[in-house]
1. I want to verify a result. In a Gaussian network model of the chain, Cα cutoff 10 Å, which of these has the top mean-square fluctuation: Glu67, Glu53, Glu151?
2. Per the Kirkwood treatment, what hydrodynamic radius in Å, one decimal, follows for the chain from the mean inverse distance over all distinct Cα pairs?
3. With charges set only on the Cβ (+1 for Lys and Arg, -1 for Asp and Glu), what does the dipole of region 80-131 come to about its Cα centre, in debye to the nearest 20?
4. Which of Lys20/Lys98; Lys98/Lys126; Lys16/Lys126; Lys126/Lys185 have a Cα-Cα distance over 30 Å?
5. Looking at Pro156, Pro133, Ile193, which one has the Cα that reaches farthest to the positive end of the dipole of region 130-194 (charges on Cβ: Lys, Arg +1; Asp, Glu -1)?
6. By count of other Cβ within 10 Å, fewest leading, how are Asp6, Asp150, Asp85 ordered?
7. To the nearest 20 debye, what is the magnitude of the charge dipole of the chain about its Cα centre, counting +1 on the Cβ of each Lys and Arg and -1 on the Cβ of each Asp and Glu?
8. Which residue, chosen from Val170, Phe110, Ile24, occupies the Cα position most advanced towards the positive end of the dipole of the chain, where the dipole is computed from +1 (Lys, Arg) and -1 (Asp, Glu) charges on Cβ about the Cα centre?
Amino acid sequence: MQIDLDLLYSWGGITKEYKKNEIIFYENTTARFYYQILEGCVRLFNTNDKGKEFTEAYFWCGDSFGEPPLLIDKDYPASAVALRDCTIIRLPKESFLKILEEYPCIQKHFLDLMADRVHSKIMFSKDIINQKPEFRINAFLKAQKNCDNDEKWLVPYTRQEIANFTGLRVETVIRVFLKMKDANKIELVNHKIYY
């Protein structure tokens, strides 16, 4: 959801630039800000004790991220990194909570947004748990495409990003894409994937 920019600025929001690969916040740190993307893309991820990353979600221009811990007074459950150069509005937690109190329509929209994110996460988890790699990748691509038409869609993620999101190795992702190409499930044009 995108909160009106004038409203954010009037409640103390500031615009901050993040360079590609710059960390916005770390897992297990105190949640202090509401973030809304003006330009760029952000990746939320967890890292295990061996350093392997698992992507939780991607957020794009107009999206907000990192709200749940603000609402329940918990630490961030994942780290956030700028996937590309980003311009983000950052609003202090106290101001965000006051906006929710004063604007019931915004509060309702966030309730709907949180419910939708939980529902999508459960459906995606159901699709990838203990499934074959091709099934996991197909579930990921379907979830990201966000439309039911048959028109081919340029996949905006690298093979490594898809591996991080599906919990697979990048070599496995590459092998699966070659099989999917042979089965006419995807098109590969100049190393770009069309699904």
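Every number here is computed from the coordinates shown, using simple stated rules; none is lab data. Since the model is a prediction, treat every value here as computed from it, not as a measurement. Virtual Cβ from ideal backbone geometry, glycine too; neighbours counted across all protein chains shown.
1. Evaluated over the chain, the most mobile residue of the options is Glu151.
2. Hydrodynamic radius (Kirkwood, Cα only) of the chain equals 18.1 Å.
3. 140 debye
4. The pairs that break the limit, which is 30 Å between Cα atoms, are Lys20/Lys98; Lys98/Lys126; Lys16/Lys126.
5. Most positive-ward Cα: Pro133.
6. Exposure proxy ranking, most exposed first: Asp150, Asp6, Asp85.
7. Working: 28 positive and 28 negative charges, 179 e Å.
With Lys and Arg at +1 and Asp and Glu at -1, about 860 debye.
8. With unit charges placed on the Cβ atoms, the residue in question is Val170.
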